[in-house]
Amino acid sequence: MDDIKRIHHYNIVKIFKNHKTLFPCPITRVNIKKEGFDKFSFAFINENNDVTAKIMEAPELLAKFTDAVVKISNLFDYNEEKYFEPRKVAYTPKVYLDKNIISELRNNKKLSVPELSHAIDLNHITIYSIERGDEIDTSIKTLVNYSLFFKKAIHRLFLSPYKNEIFKIILNDFIVKNYLTEEQAKEILTKETK
């Protein structure tokens with residue numbers, strides 16, 4: 001396997017970056033072999049495990065990946081095998097909001113998703129996505145609306161360590177403005193992050 005050449009190409013990187021939610025599991029390596037004109041075989045690896053069968057169960061993803069490789073077929077000789085190693089960030093979803101806190105706020109008010117959608121002027125699909133813990137690009141407007149509607153400090157909507165880091169920034173601002181001493185801020189932070 002060491003004699004296989006590594007390939008790094010924008011077309012392949014784009015698949016991992018733009019379609020990460022389609023991947024049924026993390027991928028650490030993809031072996032790509034040219035078997036004929038515009039015909040390739042793939043082996044998808046998660047650490048040392050071959051997870052190609054799982055990818056085969058995601059035909060939309062496989063089609064996109066195949067199209068991306070076919071577009072760079074000129075980089076391969078017949079029967080040549082190369083490999084691609086996506087960075088972990090390419091497929092690991094980034095989730096910033098605490099889905100448990102978000103859904104708890106709604107449930108405590110006994111609101112359905114459509115009712116909350118109407119109350120904070122937010123698409124119900126987005127609410128479902130947030131409460132499932134999906135990776136979504138949450139807007140500032142969404143965060144402000146949640147905070148104002150539920151009377152909850154914005155930093156509390158986030159997962160740790162984001163929540164703690166945002167709270168530290170708030171406390172540091174209070175120290176600079178002489179609202180708090182450093183000792184008071186440390187005490188508050190300790191209580192808040194227990």
Open item on the list: Past 21 Å, Cα to Cα: identify those pairs from Lys109/Lys194; Lys151/Lys177; Lys141/Lys177; Lys20/Lys64, in the order given.
Closed with: Lys109/Lys194; Lys151/Lys177; Lys141/Lys177
- [ ] Arrange Leu148, Leu157 by Cβ neighbour counts within 10 Å, fewest through most, would you?
- [x] Leu148, Leu157
Task: Residues of type aspartates and glutamates that Lys186 reaches as a straight line, Cα spacing below 20 Å, ignoring anything fewer than 8 places off in the same chain - done: Glu165, Asp173
Task: Exposure proxy ranking, count of Cβ atoms within 10 Å, fewest first, for Arg6, Arg29 - done: Arg6, Arg29
- [ ] With only Lys, Arg, Asp and Glu charged, each at its Cβ (+1 for the first two, -1 for the last two), find how big the charge dipole of the chain is about the Cα centre; round to the nearest 20 debye.
- [x] 540
Task: Cα Rg over Rh - the chain, Kirkwood - done: 1.14
Task: Prolate/oblate/rounded label for segment 20-123 (Cα gyration tensor, a/c 1.5) - done: prolate
Task: Relative contact order (%) - the chain, alpha-carbon pairs under 8 angstrom, separation at least six - done: 19
Open item on the list: Which entries of Lys54/Lys99; Lys99/Lys163; Lys14/Lys71 have Cα-Cα distances beyond 22 Å here?
Closed with: Lys54/Lys99
- [ ] Give a quick list of chymotrypsin sites (Phe, Trp or Tyr not before Pro) in segment 96-164 that DSSP marks as loop, anything other than H, G, I, E or B, with at most 10 other Cβ atoms within 10 Å.
- [x] none
Open item on the list: Among DSSP bridges having both ends in the chain, what percentage is antiparallel? Round to the nearest 5.
Closed with: 90
Task: J(HN,Hα) series, segment 164-175, from Karplus relation 6.51 cos²θ - 1.76 cosθ + 1.60, nearest Hz, glycine and proline x - done: 5, 5, 5, 5, 4, 4, 4, 5, 4, 5, 5, 5
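Laboratory data are not the source of any read-out in this text; all were calculated from the coordinates shown. As the structure is a prediction and not an experimental result, all values here were calculated from the model. FYI the Cβ positions are ideal-geometry reconstructions off the backbone, even for glycines, and counts take in every protein chain you see.
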